[in-house]
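Trainee: Questions regarding the structure given below will be posed in turn.
The values are calculated or read from the model by the stated rules, or taken from the named source; none is laboratory data. Everything numeric in this text was worked out from a predicted model, so none of it was measured. Reconstructed Cβ throughout: ideal geometry from the backbone, glycine too, with neighbour counts over all protein chains shown.
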Amino acid sequence: MTLRMYNTLTRKKEEFVPLEPGKVKMYVCGPTVYNYIHIGNGRPVIFFDVVRRFLESQNYEVTYITNFTDVDDKMIRKAEEMAVTVPELAETFIAAFLEDIQTLGVHEATMNPRVTDNIQEIIEFIAALVEKGYAYEARGDVYYRTTKFAEYGKLSHQNLEELQYGIRIEVDDRKENPQDFVLWKAAKPGEIYWDSPWGQGRPGWHIECSAMVRKYLGETIDIHGGGQDLTFPHHECEIAQTEAVTGHPMANYWLHNAFLNIDNEKMSKSLGNGILIRDLVKQIKPEVFRFFMLSAHYRNPLNFSDESLKQAANALERIQNANDNLKHRLATASATGEIEAAHTERVAAIAAQFVEKMNDDFNTPDAITAVFDLVAEANLYLQQERVNAAALQMFLDQLQVFDQTLGILSKQADELLDEEIEQLIVDRTEARKSKNWVRADEIRDLLTEKGIFLEDTPQGIRWRRK
Ligand code: AMP
Ligand code: ZN
(Lines give C-alpha, C1' and ligand atoms only; values in the text may rest on other atoms or scores of the structure.)
(Ligands and ions follow the chains in the order given, each with its own letter.)
Protein backbone atom coordinates (compact mmCIF):
# COMPACT_ATOMS: atom_id res chain seq x y z
CA MET A 1 0.00 0.00 0.00
CA THR A 2 1.55 3.22 -1.04
CA LEU A 3 0.42 6.72 -0.28
CA ARG A 4 -0.82 8.65 -3.28
CA MET A 5 -1.89 12.27 -3.34
CA TYR A 6 -3.33 14.61 -5.92
CA ASN A 7 -0.75 17.15 -6.97
CA THR A 8 -2.21 20.42 -8.26
CA LEU A 9 1.02 20.97 -10.19
CA THR A 10 0.66 17.84 -12.35
CA ARG A 11 -3.11 17.43 -11.96
CA LYS A 12 -2.52 13.78 -11.15
CA LYS A 13 -2.61 11.50 -8.18
CA GLU A 14 1.01 10.64 -7.59
CA GLU A 15 2.80 8.21 -5.38
CA PHE A 16 4.32 10.00 -2.42
CA VAL A 17 8.08 9.71 -2.30
CA PRO A 18 9.56 11.85 0.47
CA LEU A 19 12.80 13.74 -0.07
CA GLU A 20 14.30 11.84 2.82
CA PRO A 21 13.00 8.39 3.81
CA GLY A 22 10.75 8.49 6.86
CA LYS A 23 10.61 12.28 6.99
CA VAL A 24 8.14 14.83 5.70
CA LYS A 25 8.66 18.56 5.37
CA MET A 26 5.33 20.25 5.18
CA TYR A 27 4.26 23.90 4.95
CA VAL A 28 0.71 25.22 5.06
CA CYS A 29 -0.05 28.90 4.51
CA GLY A 30 -1.51 30.35 7.67
CA PRO A 31 -3.87 33.21 8.39
CA THR A 32 -3.52 36.95 8.23
CA VAL A 33 -4.15 37.71 11.87
CA TYR A 34 -6.54 40.65 11.69
CA ASN A 35 -9.75 38.93 12.82
CA TYR A 36 -11.18 35.71 14.25
CA ILE A 37 -11.20 32.73 11.94
CA HIS A 38 -14.44 31.57 10.36
CA ILE A 39 -15.68 28.07 9.67
CA GLY A 40 -14.27 28.16 6.11
CA ASN A 41 -10.79 28.76 7.47
CA GLY A 42 -11.40 25.68 9.59
CA ARG A 43 -11.27 23.48 6.51
CA PRO A 44 -7.55 23.75 5.70
CA VAL A 45 -6.76 23.86 9.41
CA ILE A 46 -8.53 20.55 10.06
CA PHE A 47 -7.70 18.82 6.79
CA PHE A 48 -3.96 19.46 6.94
CA ASP A 49 -3.94 18.49 10.61
CA VAL A 50 -5.39 15.14 9.54
CA VAL A 51 -2.79 14.79 6.77
CA ARG A 52 -0.08 15.40 9.31
CA ARG A 53 -1.59 13.03 11.89
CA PHE A 54 -2.01 10.31 9.26
CA LEU A 55 1.61 10.68 8.11
CA GLU A 56 2.70 10.42 11.73
CA SER A 57 0.55 7.31 12.19
CA GLN A 58 2.48 5.85 9.26
CA ASN A 59 5.69 6.53 11.17
CA TYR A 60 6.83 9.58 9.25
CA GLU A 61 8.58 12.23 11.24
CA VAL A 62 6.72 15.36 10.15
CA THR A 63 8.00 18.90 10.37
CA TYR A 64 4.85 20.97 10.09
CA ILE A 65 5.24 24.70 9.60
CA THR A 66 2.42 27.17 9.27
CA ASN A 67 2.99 30.91 9.28
CA PHE A 68 1.27 34.02 10.57
CA THR A 69 0.96 37.01 8.27
CA ASP A 70 1.27 39.66 10.94
CA VAL A 71 1.78 42.70 8.75
CA ASP A 72 0.02 43.67 5.50
CA ASP A 73 -2.53 46.20 4.22
CA LYS A 74 -5.45 44.53 6.00
CA MET A 75 -3.54 44.47 9.28
CA ILE A 76 -2.64 48.15 8.92
CA ARG A 77 -6.23 49.17 8.17
CA LYS A 78 -7.71 47.09 10.97
CA ALA A 79 -5.16 48.34 13.51
CA GLU A 80 -6.10 51.90 12.58
CA GLU A 81 -9.79 51.09 12.95
CA MET A 82 -9.25 49.57 16.37
CA ALA A 83 -6.80 52.29 17.41
CA VAL A 84 -4.09 49.76 18.29
CA THR A 85 -0.65 49.14 16.84
CA VAL A 86 -0.11 46.42 14.22
CA PRO A 87 1.88 44.25 16.68
CA GLU A 88 -0.88 44.61 19.29
CA LEU A 89 -3.48 43.57 16.75
CA ALA A 90 -1.33 40.58 15.77
CA GLU A 91 -0.90 39.45 19.38
CA THR A 92 -4.65 39.51 19.95
CA PHE A 93 -5.55 37.47 16.89
CA ILE A 94 -2.61 35.07 17.03
CA ALA A 95 -3.71 34.16 20.56
CA ALA A 96 -7.32 33.83 19.37
CA PHE A 97 -6.28 31.65 16.42
CA LEU A 98 -4.22 29.32 18.57
CA GLU A 99 -7.07 29.04 21.04
CA ASP A 100 -9.60 28.29 18.28
CA ILE A 101 -7.53 25.60 16.62
CA GLN A 102 -6.77 24.01 19.95
CA THR A 103 -10.50 23.82 20.58
CA LEU A 104 -10.76 22.06 17.22
CA GLY A 105 -8.27 19.46 18.41
CA VAL A 106 -5.58 20.56 15.96
CA HIS A 107 -2.10 19.46 16.96
CA GLU A 108 0.43 22.19 17.55
CA ALA A 109 2.61 23.04 14.56
CA THR A 110 6.32 22.39 14.81
CA MET A 111 6.67 26.13 14.40
CA ASN A 112 4.51 29.17 13.63
CA PRO A 113 6.92 31.71 12.15
CA ARG A 114 5.78 35.30 11.76
CA VAL A 115 6.59 37.77 9.00
CA THR A 116 7.81 40.42 11.40
CA ASP A 117 10.39 38.01 12.82
CA ASN A 118 11.73 37.31 9.34
CA ILE A 119 12.11 40.70 7.73
CA GLN A 120 15.85 40.30 7.27
CA GLU A 121 15.44 36.98 5.44
CA ILE A 122 12.70 38.51 3.30
CA ILE A 123 14.89 41.47 2.35
CA GLU A 124 17.73 39.10 1.44
CA PHE A 125 15.37 37.06 -0.70
CA ILE A 126 14.15 40.12 -2.58
CA ALA A 127 17.72 41.36 -3.00
CA ALA A 128 18.66 38.03 -4.59
CA LEU A 129 15.74 38.34 -7.02
CA VAL A 130 16.78 41.88 -7.94
CA GLU A 131 20.33 40.77 -8.47
CA LYS A 132 19.28 37.97 -10.81
CA GLY A 133 17.05 40.30 -12.82
CA TYR A 134 13.78 38.76 -11.59
CA ALA A 135 12.76 41.88 -9.72
CA TYR A 136 12.99 45.64 -10.19
CA GLU A 137 12.67 48.64 -7.99
CA ALA A 138 10.22 51.40 -8.81
CA ARG A 139 9.93 54.43 -6.54
CA GLY A 140 10.49 52.55 -3.31
CA ASP A 141 8.44 49.52 -4.33
CA VAL A 142 9.97 46.31 -5.65
CA TYR A 143 8.10 44.16 -8.19
CA TYR A 144 8.58 40.67 -9.54
CA ARG A 145 9.22 40.59 -13.28
CA THR A 146 6.82 37.80 -14.29
CA THR A 147 7.88 37.80 -17.95
CA LYS A 148 11.33 36.66 -16.88
CA PHE A 149 10.10 33.47 -15.18
CA ALA A 150 9.18 31.23 -18.11
CA GLU A 151 7.16 28.84 -15.95
CA TYR A 152 4.91 31.49 -14.43
CA GLY A 153 1.41 29.98 -14.46
CA LYS A 154 2.48 26.34 -14.24
CA LEU A 155 0.68 25.64 -10.96
CA SER A 156 -2.62 27.22 -11.93
CA HIS A 157 -2.22 25.94 -15.52
CA GLN A 158 -2.50 29.30 -17.21
CA ASN A 159 -0.05 31.08 -19.45
CA LEU A 160 0.96 34.70 -19.22
CA GLU A 161 -1.37 35.77 -22.01
CA GLU A 162 -4.34 34.21 -20.29
CA LEU A 163 -3.28 35.79 -17.07
CA GLN A 164 -3.13 39.20 -18.66
CA TYR A 165 -6.78 38.89 -19.67
CA GLY A 166 -7.80 38.13 -16.15
CA ILE A 167 -6.12 41.10 -14.59
CA ARG A 168 -8.03 44.23 -13.82
CA ILE A 169 -6.11 46.98 -15.53
CA GLU A 170 -4.95 49.20 -12.75
CA VAL A 171 -3.36 52.51 -13.42
CA ASP A 172 0.01 51.74 -11.96
CA ASP A 173 2.85 53.16 -13.93
CA ARG A 174 5.35 51.61 -11.58
CA LYS A 175 4.80 48.12 -12.96
CA GLU A 176 6.40 46.99 -16.20
CA ASN A 177 3.51 44.58 -16.69
CA PRO A 178 0.10 44.43 -15.04
CA GLN A 179 0.68 40.86 -13.83
CA ASP A 180 3.91 41.76 -12.02
CA PHE A 181 3.41 41.51 -8.30
CA VAL A 182 4.78 43.44 -5.39
CA LEU A 183 7.65 42.09 -3.27
CA TRP A 184 8.32 45.19 -1.21
CA LYS A 185 5.97 48.09 -0.59
CA ALA A 186 7.15 51.60 0.23
CA ALA A 187 5.61 52.81 3.49
CA LYS A 188 3.11 55.63 3.39
CA PRO A 189 3.52 58.28 6.09
CA GLY A 190 2.55 56.94 9.51
CA GLU A 191 2.62 53.28 8.45
CA ILE A 192 4.70 50.59 10.15
CA TYR A 193 7.98 50.12 8.26
CA TRP A 194 11.39 48.49 8.16
CA ASP A 195 14.53 49.89 6.55
CA SER A 196 15.63 48.19 3.36
CA PRO A 197 17.95 48.82 0.40
CA TRP A 198 14.87 50.31 -1.33
CA GLY A 199 13.91 52.62 1.50
CA GLN A 200 11.40 52.26 4.31
CA GLY A 201 8.64 49.77 3.68
CA ARG A 202 7.21 46.32 4.31
CA PRO A 203 7.06 42.99 2.49
CA GLY A 204 4.39 42.15 -0.06
CA TRP A 205 2.31 39.10 0.82
CA HIS A 206 3.78 36.30 -1.31
CA ILE A 207 7.44 36.74 -0.48
CA GLU A 208 7.08 35.77 3.19
CA CYS A 209 6.32 32.13 2.42
CA SER A 210 9.27 31.79 0.03
CA ALA A 211 11.59 33.23 2.66
CA MET A 212 10.17 31.20 5.54
CA VAL A 213 9.99 27.90 3.67
CA ARG A 214 13.64 28.23 2.72
CA LYS A 215 14.70 29.30 6.20
CA TYR A 216 12.78 26.70 8.21
CA LEU A 217 12.53 23.77 5.81
CA GLY A 218 15.04 24.20 2.98
CA GLU A 219 15.09 24.81 -0.77
CA THR A 220 12.69 22.00 -1.65
CA ILE A 221 9.97 20.65 0.62
CA ASP A 222 7.68 17.66 0.33
CA ILE A 223 4.19 19.08 0.76
CA HIS A 224 2.89 22.62 0.37
CA GLY A 225 -0.74 23.19 1.23
CA GLY A 226 -3.54 25.68 1.50
CA GLY A 227 -7.05 26.48 0.32
CA GLN A 228 -7.83 26.30 -3.37
CA ASP A 229 -7.96 30.09 -3.71
CA LEU A 230 -4.27 30.23 -2.83
CA THR A 231 -3.26 28.38 -6.00
CA PHE A 232 -3.35 31.64 -7.87
CA PRO A 233 -1.86 34.10 -7.32
CA HIS A 234 -0.29 33.24 -3.96
CA HIS A 235 1.32 29.86 -4.61
CA GLU A 236 2.10 30.68 -8.23
CA CYS A 237 4.05 33.69 -6.97
CA GLU A 238 5.77 31.64 -4.27
CA ILE A 239 7.00 29.24 -6.95
CA ALA A 240 8.20 32.09 -9.16
CA GLN A 241 10.13 33.64 -6.28
CA THR A 242 11.67 30.50 -4.86
CA GLU A 243 12.52 28.69 -8.05
CA ALA A 244 14.07 31.82 -9.59
CA VAL A 245 16.44 32.07 -6.63
CA THR A 246 17.18 28.41 -5.85
CA GLY A 247 16.81 26.80 -9.27
CA HIS A 248 15.01 23.86 -7.56
CA PRO A 249 11.34 22.93 -7.25
CA MET A 250 9.80 24.66 -4.26
CA ALA A 251 7.62 21.70 -3.29
CA ASN A 252 7.15 18.23 -4.72
CA TYR A 253 3.44 17.98 -3.87
CA TRP A 254 0.98 20.87 -3.92
CA LEU A 255 -2.26 20.14 -2.08
CA HIS A 256 -5.33 22.38 -2.10
CA ASN A 257 -8.60 21.97 -0.28
CA ALA A 258 -11.91 22.97 -1.88
CA PHE A 259 -14.19 25.52 -0.30
CA LEU A 260 -16.77 25.30 2.42
CA ASN A 261 -20.07 26.96 1.50
CA ILE A 262 -22.94 27.95 3.75
CA ASP A 263 -26.41 26.87 2.66
CA ASN A 264 -25.00 26.40 -0.83
CA GLU A 265 -23.75 29.94 -1.00
CA LYS A 266 -20.24 31.21 -0.95
CA MET A 267 -19.29 32.61 2.41
CA SER A 268 -18.58 36.26 2.05
CA LYS A 269 -18.40 39.45 4.00
CA SER A 270 -20.94 41.13 1.72
CA LEU A 271 -23.48 38.35 2.29
CA GLY A 272 -22.77 38.57 6.00
CA ASN A 273 -23.06 34.77 6.27
CA GLY A 274 -19.68 34.03 7.83
CA ILE A 275 -19.75 32.10 11.11
CA LEU A 276 -16.81 32.30 13.48
CA ILE A 277 -15.33 29.10 14.86
CA ARG A 278 -15.58 30.51 18.37
CA ASP A 279 -19.31 31.12 17.94
CA LEU A 280 -19.93 27.74 16.37
CA VAL A 281 -18.34 25.80 19.22
CA LYS A 282 -20.78 27.41 21.63
CA GLN A 283 -23.54 25.61 19.71
CA ILE A 284 -21.97 22.30 18.76
CA LYS A 285 -19.16 20.10 19.96
CA PRO A 286 -15.87 20.79 18.15
CA GLU A 287 -15.63 17.06 17.39
CA VAL A 288 -18.89 17.26 15.43
CA PHE A 289 -17.43 20.05 13.31
CA ARG A 290 -14.28 18.01 12.68
CA PHE A 291 -16.34 14.99 11.75
CA PHE A 292 -18.46 17.12 9.41
CA MET A 293 -15.33 18.51 7.72
CA LEU A 294 -13.91 15.04 7.20
CA SER A 295 -17.17 13.59 5.92
CA ALA A 296 -16.39 15.00 2.47
CA HIS A 297 -13.29 14.51 0.38
CA TYR A 298 -11.06 17.56 0.74
CA ARG A 299 -11.11 18.29 -2.99
CA ASN A 300 -14.90 18.42 -3.10
CA PRO A 301 -16.87 21.47 -2.04
CA LEU A 302 -18.63 20.99 1.26
CA ASN A 303 -21.92 22.54 2.27
CA PHE A 304 -22.50 23.74 5.81
CA SER A 305 -26.13 23.70 6.92
CA ASP A 306 -28.15 22.82 10.01
CA GLU A 307 -29.12 19.59 8.32
CA SER A 308 -25.56 18.52 7.45
CA LEU A 309 -24.41 19.30 10.98
CA LYS A 310 -27.26 17.29 12.44
CA GLN A 311 -26.32 14.34 10.28
CA ALA A 312 -22.71 14.65 11.39
CA ALA A 313 -23.76 14.82 15.04
CA ASN A 314 -25.89 11.67 14.70
CA ALA A 315 -23.24 9.72 12.87
CA LEU A 316 -20.54 10.71 15.31
CA GLU A 317 -22.77 9.76 18.22
CA ARG A 318 -22.87 6.20 16.93
CA ILE A 319 -19.08 6.04 17.06
CA GLN A 320 -18.91 7.73 20.42
CA ASN A 321 -21.57 5.41 21.87
CA ALA A 322 -19.72 2.33 20.73
CA ASN A 323 -16.57 3.70 22.30
CA ASP A 324 -18.36 4.47 25.58
CA ASN A 325 -20.14 1.13 25.66
CA LEU A 326 -16.91 -0.74 25.12
CA LYS A 327 -15.32 1.17 27.97
CA HIS A 328 -18.19 0.67 30.36
CA ARG A 329 -18.38 -3.00 29.56
CA LEU A 330 -14.65 -3.31 30.02
CA ALA A 331 -14.85 -1.65 33.41
CA THR A 332 -17.06 -4.45 34.64
CA ALA A 333 -15.78 -7.34 32.54
CA SER A 334 -13.97 -9.94 34.49
CA ALA A 335 -13.83 -12.69 31.91
CA THR A 336 -10.44 -12.97 30.37
CA GLY A 337 -8.99 -15.37 27.87
CA GLU A 338 -8.05 -15.68 24.26
CA ILE A 339 -9.66 -13.48 21.62
CA GLU A 340 -11.34 -15.45 18.87
CA ALA A 341 -9.27 -15.38 15.70
CA ALA A 342 -12.30 -14.32 13.66
CA HIS A 343 -12.47 -11.04 15.61
CA THR A 344 -8.76 -10.34 15.36
CA GLU A 345 -8.80 -10.95 11.64
CA ARG A 346 -11.84 -8.80 11.05
CA VAL A 347 -10.37 -5.90 13.03
CA ALA A 348 -7.08 -6.21 11.15
CA ALA A 349 -8.95 -6.14 7.84
CA ILE A 350 -10.87 -3.02 8.84
CA ALA A 351 -7.66 -1.35 10.02
CA ALA A 352 -6.03 -2.09 6.67
CA GLN A 353 -9.08 -0.72 4.88
CA PHE A 354 -8.78 2.56 6.79
CA VAL A 355 -5.13 2.97 5.83
CA GLU A 356 -5.84 2.07 2.23
CA LYS A 357 -8.51 4.77 1.99
CA MET A 358 -6.31 7.39 3.61
CA ASN A 359 -3.50 6.33 1.29
CA ASP A 360 -5.78 7.11 -1.62
CA ASP A 361 -5.43 10.88 -1.59
CA PHE A 362 -6.65 11.18 2.00
CA ASN A 363 -10.10 9.82 1.31
CA THR A 364 -11.54 10.63 4.73
CA PRO A 365 -15.19 9.82 3.90
CA ASP A 366 -14.24 6.26 2.93
CA ALA A 367 -11.88 5.98 5.90
CA ILE A 368 -14.84 6.94 8.10
CA THR A 369 -16.80 4.08 6.51
CA ALA A 370 -14.09 1.77 7.86
CA VAL A 371 -14.62 3.29 11.31
CA PHE A 372 -18.32 2.42 11.03
CA ASP A 373 -17.42 -1.12 10.02
CA LEU A 374 -15.49 -1.39 13.27
CA VAL A 375 -18.39 0.12 15.21
CA ALA A 376 -20.78 -2.44 13.70
CA GLU A 377 -18.43 -5.26 14.63
CA ALA A 378 -18.03 -3.94 18.18
CA ASN A 379 -21.78 -3.50 18.62
CA LEU A 380 -22.38 -7.05 17.53
CA TYR A 381 -19.81 -8.25 20.00
CA LEU A 382 -21.33 -6.19 22.80
CA GLN A 383 -24.62 -8.01 22.33
CA GLN A 384 -23.02 -11.21 23.57
CA GLU A 385 -23.74 -12.13 27.12
CA ARG A 386 -20.20 -13.04 28.03
CA VAL A 387 -17.55 -10.73 26.71
CA ASN A 388 -13.85 -11.05 26.82
CA ALA A 389 -11.88 -8.12 28.28
CA ALA A 390 -9.07 -8.57 25.78
CA ALA A 391 -11.50 -8.42 22.86
CA LEU A 392 -13.13 -5.26 24.22
CA GLN A 393 -9.69 -3.75 24.60
CA MET A 394 -8.82 -4.68 21.02
CA PHE A 395 -11.87 -2.84 19.68
CA LEU A 396 -11.10 0.15 21.87
CA ASP A 397 -7.46 0.23 20.84
CA GLN A 398 -8.41 0.15 17.17
CA LEU A 399 -10.85 3.02 17.63
CA GLN A 400 -8.05 4.93 19.31
CA VAL A 401 -5.74 4.28 16.39
CA PHE A 402 -8.36 5.66 13.98
CA ASP A 403 -8.87 8.61 16.26
CA GLN A 404 -5.20 9.46 16.35
CA THR A 405 -5.66 10.39 12.70
CA LEU A 406 -9.19 11.80 12.76
CA GLY A 407 -9.46 13.39 16.22
CA ILE A 408 -13.23 12.98 16.43
CA LEU A 409 -13.79 11.23 19.73
CA SER A 410 -14.75 13.25 22.76
CA LYS A 411 -11.78 14.41 24.80
CA GLN A 412 -13.80 14.60 27.99
CA ALA A 413 -12.48 12.41 30.76
CA ASP A 414 -14.36 9.14 30.89
CA GLU A 415 -16.61 9.20 33.83
CA LEU A 416 -18.32 6.25 35.35
CA LEU A 417 -22.07 6.53 35.57
CA ASP A 418 -23.71 6.18 38.98
CA GLU A 419 -25.25 2.81 38.08
CA GLU A 420 -21.86 1.54 36.98
CA ILE A 421 -20.29 2.56 40.25
CA GLU A 422 -23.03 0.86 42.21
CA GLN A 423 -22.70 -2.28 40.12
CA LEU A 424 -18.96 -2.27 40.71
CA ILE A 425 -19.51 -1.98 44.47
CA VAL A 426 -21.89 -4.96 44.39
CA ASP A 427 -19.32 -6.91 42.33
CA ARG A 428 -16.63 -6.04 44.84
CA THR A 429 -18.70 -7.16 47.79
CA GLU A 430 -19.42 -10.43 45.98
CA ALA A 431 -15.74 -10.85 45.18
CA ARG A 432 -14.79 -10.36 48.82
CA LYS A 433 -17.42 -12.81 49.98
CA SER A 434 -16.03 -15.43 47.67
CA LYS A 435 -12.50 -14.48 48.76
CA ASN A 436 -11.59 -13.38 45.23
CA TRP A 437 -9.16 -10.73 46.54
CA VAL A 438 -7.60 -10.09 43.16
CA ARG A 439 -10.91 -9.06 41.64
CA ALA A 440 -11.86 -7.04 44.72
CA ASP A 441 -8.60 -5.10 44.55
CA GLU A 442 -8.97 -4.64 40.82
CA ILE A 443 -12.35 -2.99 41.31
CA ARG A 444 -11.08 -0.81 44.16
CA ASP A 445 -8.14 0.35 41.97
CA LEU A 446 -10.43 1.12 39.06
CA LEU A 447 -12.69 3.20 41.29
CA THR A 448 -9.75 5.06 42.81
CA GLU A 449 -8.40 5.78 39.35
CA LYS A 450 -11.75 7.25 38.36
CA GLY A 451 -11.79 9.44 41.48
CA ILE A 452 -14.40 7.43 43.38
CA PHE A 453 -13.85 6.93 47.10
CA LEU A 454 -15.44 4.17 49.16
CA GLU A 455 -16.30 4.42 52.81
CA ASP A 456 -17.38 1.54 55.05
CA THR A 457 -20.28 2.66 57.22
CA PRO A 458 -22.58 0.71 59.53
CA GLN A 459 -25.25 1.13 56.85
CA GLY A 460 -23.02 -0.42 54.23
CA ILE A 461 -20.65 1.01 51.67
CA ARG A 462 -21.02 4.65 50.72
CA TRP A 463 -19.26 6.24 47.80
CA ARG A 464 -18.40 9.74 46.73
CA ARG A 465 -16.64 11.42 43.85
CA LYS A 466 -13.44 13.32 44.47
P1 AMP B 1 -7.89 33.85 4.43
O2 AMP B 1 -8.21 34.26 5.83
O3 AMP B 1 -8.96 34.18 3.43
O4 AMP B 1 -6.51 34.26 4.01
O5 AMP B 1 -7.85 32.25 4.44
C6 AMP B 1 -7.00 31.47 5.23
C7 AMP B 1 -7.07 30.04 4.73
O8 AMP B 1 -8.42 29.58 4.74
C9 AMP B 1 -6.62 29.87 3.28
O10 AMP B 1 -5.95 28.63 3.13
C11 AMP B 1 -7.91 29.88 2.49
O12 AMP B 1 -7.79 29.20 1.29
C13 AMP B 1 -8.83 29.14 3.45
N14 AMP B 1 -10.25 29.47 3.26
C15 AMP B 1 -10.83 30.70 3.34
N16 AMP B 1 -12.16 30.60 3.14
C17 AMP B 1 -12.45 29.29 2.95
C18 AMP B 1 -13.64 28.54 2.71
N19 AMP B 1 -14.83 29.12 2.65
N20 AMP B 1 -13.54 27.21 2.56
C21 AMP B 1 -12.34 26.58 2.65
N22 AMP B 1 -11.17 27.21 2.88
C23 AMP B 1 -11.21 28.55 3.03
ZN1 ZN C 1 1.95 31.14 1.53
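Trainee: Going through region 18-37 one residue at a time, which ones are more than 19 Å from ASP70 (Cβ to Cβ) and touching a residue at least 12 places away in the same chain (Cβ under 8 Å)?
Mentor: PRO18, LEU19, GLY22, LYS23, VAL24, LYS25, MET26
Trainee: Name the residue, out of HIS248, HIS256, that is part of a loop (DSSP other than H, G, I, E, B), modelled with pLDDT of 95 or more and either more than 23 Å from the chain's Cα centre (by Cα) or in the same structural domain as THR85 (by TED's automatic domain parsing) (or both).
Mentor: Residue meeting the stated conditions: HIS248.
Trainee: Any idea how many residues of region 248-266 are touching a residue at least 60 places away in the same chain (Cβ under 8 Å), within 16 Å of ligand 2 (Cβ to nearest atom) and of a type outside the set (Gly, Ala, Ser)?
Mentor: Counting residues in region 248-266 that are touching a residue at least 60 places away in the same chain (Cβ under 8 Å), within 16 Å of ligand 2 (Cβ to nearest atom) and of a type outside the set (Gly, Ala, Ser) gives 5.
Trainee: Within region 16-74, can you find the residues that are among the basic types (Lys, Arg) and farther than 17 Å from HIS234 by Cα?
Mentor: LYS23, LYS25, ARG43, ARG52, ARG53
Trainee: Can I ask one more? Only one residue in ARG53, ARG43 is assigned to a helix (DSSP H, G or I) and more than 16 Å from ligand 1 (Cβ to nearest atom), so which one is that?
Mentor: Only one candidate passes the filter, namely ARG53.
Trainee: Scan the strands (runs of 3 or more DSSP E) fully inside region 112-210 and keep the ones with 3 or more residues being surrounded by 20 or more Cβ atoms within 10 Å (Cβ to Cβ) and not basic (Lys, Arg).
Mentor: 141-144, 181-186
Trainee: When you scan region 304-345, how many residues do you find that are more than 30 Å from GLN423 (Cα to Cα) and surrounded by fewer than 16 Cβ atoms within 10 Å (Cβ to Cβ)?
Mentor: Residues in region 304-345 being more than 30 Å from GLN423 (Cα to Cα) and surrounded by fewer than 16 Cβ atoms within 10 Å (Cβ to Cβ): 9 in total.
Trainee: Restricting the search to region 71-97, which residues are assigned to a helix (DSSP H, G or I) and either in contact with a strand residue (DSSP E or B) (Cβ under 9 Å, 6 or more places away or on another chain) or modelled with pLDDT under 95 (or both)?
Mentor: Answer for region 71-97, where residues must be assigned to a helix (DSSP H, G or I) and either in contact with a strand residue (DSSP E or B) (Cβ under 9 Å, 6 or more places away or on another chain) or modelled with pLDDT under 95 (or both): ASP73, LYS74, MET75, ILE76, ALA90, PHE93, ILE94, PHE97.
Trainee: Could I ask something else about it? Against the condition among the β-branched types (Val, Ile, Thr), within 15 Å of ligand 1 (Cβ to nearest atom) and buried (at least 19 other Cβ atoms within 10 Å of the Cβ), how does ILE94 come out, does it pass?
Mentor: No: the conditions fail for ILE94.
Trainee: Only one of GLU430, GLU420, GLU377 is surrounded by 13 or more Cβ atoms within 10 Å (Cβ to Cβ) and in contact with a His (Cβ under 7 Å, 6 or more places away or on another chain); which?
Mentor: GLU420
Trainee: Another question about this same structure. Look at ILE223 and say whether it is within 16 Å of ligand 2 (Cβ to nearest atom), closer than 23 Å to GLN102 by Cα and crowded, with 22+ Cβ neighbours inside 10 Å.
Mentor: Yes.
Trainee: Go through region 214-250 and report how many residues are more than 16 Å from ligand 1 (Cβ to nearest atom), of a type in the set (D, E, K, R) and out of contact with any Pro (no Cβ under 7 Å at 6 or more places or on another chain).
Mentor: 3
Trainee: Would you call LEU316 in contact with a Phe, Trp or Tyr (Cβ under 7 Å, 6 or more places away or on another chain) and more than 16 Å from ligand 1 (Cβ to nearest atom)?
Mentor: yes
Trainee: Next up: Tell me yes or no: at least one residue of region 185-204 is among the acidic types (Asp, Glu), closer than 21 Å to PHE149 by Cα and touching a residue at least 24 places away in the same chain (Cβ under 8 Å).
Mentor: no
Trainee: Could you list, in sequence order, all residues of region 207-245 that are farther than 27 Å from PHE362 by Cα and either in the same structural domain as PHE362 (by TED's automatic domain parsing) or without any contact (Cβ under 8 Å) to a residue 60 or more places away in the chain (or both)?
Mentor: THR242, the sole residue that qualifies.
Trainee: When you go through THR63, THR2, THR10 one by one, which is the residue that is hydroxyl-bearing (Ser, Thr, Tyr), without any contact (Cβ under 8 Å) to a residue 12 or more places away in the chain and farther than 21 Å from ALA95 by Cβ?
Mentor: One residue alone meets the criteria, THR10.
Trainee: Please find, within region 56-70, the residue that is surrounded by the fewest Cβ atoms within 10 Å (Cβ to Cβ) out of those that are away from ligand 2 (no atom under 16 Å from the Cβ) and not in a strand (DSSP E or B).
Mentor: ASN59
Trainee: Do you know which residues across region 108-122 are out of contact with any helix residue (DSSP H, G or I) (no Cβ under 6 Å at 6 or more places or on another chain) and among the charged types (D, E, K, R)?
Mentor: Matches in region 108-122: GLU108, ARG114, ASP117.
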